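The structure appears below as structure tokens.
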Amino acid sequence: MELPCFYALLSNTTGYYGRCNARINKSTKARRLLMHSLVQAYIGTMGQMISSIHTVWIASSIVARHTDDRPPQGITHLLETTIVDTLSTSPPSRIYVHWGAYESGKSRAARNAKARLQMAGKLVMLFAGFEFTYMPNAREWLRVWMGVPKDRAQDELSMFLPPNKQAVLIIDHADDLLKRYNEKDLAEALRELNLPTLLLFGSWERAVDMLKQEGCRLLGEPGLGRWHWQDLAKLYDSFPEDIRKQADTKKDELCRCALLSGSPGILQFETYRCAESRAPSIHRAELIDIEWENGIRALSGENMQGITGQFPDKNLRFHWGTSRVLQACV
């Protein structure tokens, strides 16, 4: 009789400890699951915090990259004022196009407009299309030059722009971009940025393509960037006195050259040539004058079938063919 009682007691004791071990195991597993969940939550929180810090760092680097303290320089031209007025009030994602003939002061006007827009509290991202970095498409090229890292290329651009500053985009020498990316690719990438944008072209054919094919808007009137005599005279008076005295011997030719070209860069270049007793290039001024005429006609909507750009052409090559120059002026 005692033996079965012993086995019963042993059986009960074993069952008791077994149940205790099961409860301990369950408790340990629960603690492990809880710790795992806490660690995962901590890692997720730290990841979000690191990502937020990275985003703030990118935003501050973009602002620093595109901000400079250079004041406007030189003579204020109508083109510069039109850029400022238009981009200050433009709705997002609108793309404007400006074409100006060779050496008509597009780059200088863009730099001065940037300085004035910055003083008005804007973030102005200005860069040139010839600043080459190989990217497979225009979208990636734009973001790299803005300062967005490749590993954040899929994020919304608005994440990296300051909320208290309106951002605008100006691309000088946009012709160079269209030698690598087509008009549709560039226009889609720009609209995705959702920023007021200005494209500056040296080829009127490229400018017309963007206007007709991609629905961009012309900045101001056709021929807006051409300098007239009152502007050129102010520019000439700003040159050093000794240079002007030396150039005065060929002033008649110089004035004719400046008026034909309508370009401040040509006036400056030819003035210094004259100061070295070299005659101004009336031939080049005539070629630029022809470009102004054809470009203004094309931007005004005329049919230019059979007429192409020459100084430069669509691929930025300059053709020094015959012009309408009078032999008596050579």
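We did not get these values from a lab; they are worked out from the coordinates using the rules stated. All values derive from a computational prediction rather than experimental measurement. Neighbour counts run over all protein chains shown; Cβ positions are idealised from the backbone, glycine included.
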Note: the range 229-329, point scatterers on Cα, Debye, no solvent; log10 I/I(0) at q = 0.17, 0.20 Å⁻¹ equals -0.80, -1.00
At 37 °C in a medium of viscosity 0.692 mPa s, the range 68-115 has a Stokes-Einstein diffusion coefficient, with Rh taken as the Kirkwood radius over alpha carbon pairs, in µm² per second, of 282 µm²/s
Under the Karplus relation with 6.51, -1.76 and 1.60 and θ = phi - 60°, whole-Hz ³J(HN,Hα) for the range 233-249, x at Gly and Pro, equal 5, 4, 5, 4, 5, 7, 6, x, 4, 5, 5, 5, 4, 5, 7, 4, 5
Least to most buried among F269, F130, by other C-beta atoms within 10 Å and fewest first, runs F130, F269
The ³J(HN,Hα) series, computed from each phi in the range 161-173 with the Karplus coefficients 6.51, -1.76 and 1.60 at θ = phi - 60°, rounded to the nearest Hz and given as x for glycine or proline, is 9, x, x, 9, 10, 6, 9, 10, 10, 10, 10, 7, 6
Rounded to whole angstrom, the alpha-carbon centroid of the range 288-323 lies from that of the range 101-118 at a distance of 22 Å
With N residues in the range 78-218, Rg(alpha-carbon) / (2.2 N^0.38 Å) equals 0.98
Most exposed first, judged by fewest Cβ atoms within 10 angstrom, R226, R139 run R139, R226
Going fewest to most other Cβ atoms within 10 Å around each Cβ, D151, D185 line up as D151, D185
